[in-house]
Amino acid sequence: MESLVAFSAAWAACLLKKRKFLSFQNWPPKSKYTFYFIKQRRAGLNEFIQNLVRHPELCNHPDVRAFLQMDSPKHLSDPSEDEDERSTQKLHSTSQNINLGPSGNPHAKPTDFDFLKVIGKGSFGKVLLAKRKLDGKFYAVKVLQKKIVLNRKEQKHIMAERNVLLQNVKHPFLVGLHYSFQTTEKLYFVLDFVNGGELFFHLQRERSFPEHRARFYAAEIASALGYLHSIKIVYRDLKPENILLDSLGHVVLTDFGLCKEGIAISDTTTTFCGTPEYLAPEVIRKQPYDNTVDWWCLGAVLYEMLYGLPPFYCRDVAEMYENILHKPLNLRAGVSLTAWSILEELLEKDRQNRLGAKEDFVEIQNHPFFESLSWTDLVQKKIPPPFNPNVVGPDDIRNFDATFTEEMVPYSVCVSSDYSIVNASVLEADDAFVGFSYAPPSEDLFFQLDSRKYRSSPPSATAASIFV
């Protein structure tokens, strides 16, 4: 073993000197010979690293650690992060932190899917309609670029979304996660495909909703929020863009990236996050807040459904914050007195006096605005939705913005590299997303039995020229 350690250390030291030559700094290669030489060296280097990390005694050698940059500062923590969030961060072993393989979950790969259409875009990547080759089922696959997530120091929010979805979150008005996996460059969430469109999409087309329709959506949203609160999760980012309609017209909440776990009714947190139009006053003031921020957001969304704009909207964000903090709520004609009442109580600037401050969801349920609803029938989906998205099939995308659906599918989401160049950014990304990949027992077995059949299938994409 001592001779093996010495050999590995010597080899690592040699490679350390040649790191610059093997990196992208010397790209493109100056000759065809150089290109194939580099390609061959990368392949051999990847195999060497994979064998190396299986032996902790080798990984701890100083020359090996220097080559792998294990002791370099990662700068992964967000300076705006809460003390309570920093205190819960955990260290991982060396063997966990280094993962240079093409995917963290060997049972799932991008080539398992035909990626058909872009159906959404965000700051870190895209959401695509995908068809699983094995069984023809349709899913919404959220694809995020690790490098962008890390550059913007948002890895804690991405892992928070995964963690929330893993908590056996089972509710009729919450999106479901089937599994997640990763390549060296990207993260993949395989989610329910909900094709009735965003509430935002329908609001844009119709400007506002009749009160009975707004009441129905508000009730289903409140039911989902109440469930999250019951398992100590604060949603924190309720807005029309995160509220989907299913094929029948029922609400489905998605995007759990800003959820805060472990918050009981009496607990508070202080992180400044959310979308400006829907921020509660205590969040803007950077004061401690609790689950009543979700009830403020519900009031803001209900107001927008009834009147067409958020309650304190202004194009100037600073002025909008001033409005949220100090401007009285403007309630116009055209809605019932019970609608006025619930808006005033949900959009109460003092969180301690806000509807839901004492008994949480129970107070929402008992408000006269929802008197005509049976909450039992609602959660069992026995109440017919007031609007039918008229979806004609599992792959119908008519309720998605054409700005997205007419965009070409990036080829890069459909493939995963067999090898990855060893550099600090790859190690940093693997360190930040350790434990991201997930498959429930049934899905895991499903992949073990059948995935080999499809491993060699070519990727399918509408185009191959755009990179997420």
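The values are calculated or read from the model by the stated rules, or taken from the named source; none is laboratory data. Not measured: the values here are computed from a predicted model. Here Cβ is always computed from backbone atoms with ideal geometry, including for glycine, and neighbour counts include all displayed protein chains.
Observations
- Segments classed as helices (runs of 4 or more DSSP H), wholly inside the range 281-390, with at least 2 members that are among the hydroxyl-bearing types (Ser, Thr, Tyr), under 24 Å from Phe201 (Cα atoms) and assigned by TED's automatic domain parsing to the domain that holds Ile243: 292-307
- Check on Asn353, of a type outside the set (A, V, I, L, M) and over 28 Å from Leu245 (Cβ atoms): yes
- For the range 223-239, a residue qualifies if it is touching a Cys at 6+ places or on another chain (Cβ under 8 Å) and of a type in the set (A, V, I, L, M), and the qualifying residues are Leu228, Ile233, Val234, Leu238.
- Condition check for Phe201: of a type in the set (Phe, Trp, Tyr) and over 21 Å from Gly393 (Cα atoms): no
- Within the range 283-304, being more than 18 Å from Ala357 (Cβ to Cβ) and either surrounded by 24 or more Cβ atoms within 10 Å (Cβ to Cβ) or among the aromatic types (Phe, Trp, Tyr) (or both) holds for Val301, Tyr303.
- When each of Tyr188, Tyr179 is tested for being in the same structural domain as Ile119 (by TED's automatic domain parsing), modelled with pLDDT of 85 or more, under 26 Å from Val141 (Cβ atoms) and not charged (D, E, K, R), the lone residue that passes is Tyr188.
- Residues of the range 393-433 satisfying the condition of being part of a loop (DSSP other than H, G, I, E, B) and at pLDDT below 85: Pro410, Val415, Ser416, Ser417, Asp418, Tyr419, Ser420, Ile421, Val422, Asn423, Phe433
- Figure legend. Inter-residue proximity from the range 220-231: first residues among the aromatic types (Phe, Trp, Tyr), second residues not in a helix (DSSP H, G or I), beta-carbon distance below 6 Å, spacing 6+ or different chains. Indicated pairs: Tyr227/His171.
- Options Gly356, Gly308; residue that is surrounded by fewer than 15 Cβ atoms within 10 Å (Cβ to Cβ) and on the phi > 0 side of the Ramachandran plot: Gly308
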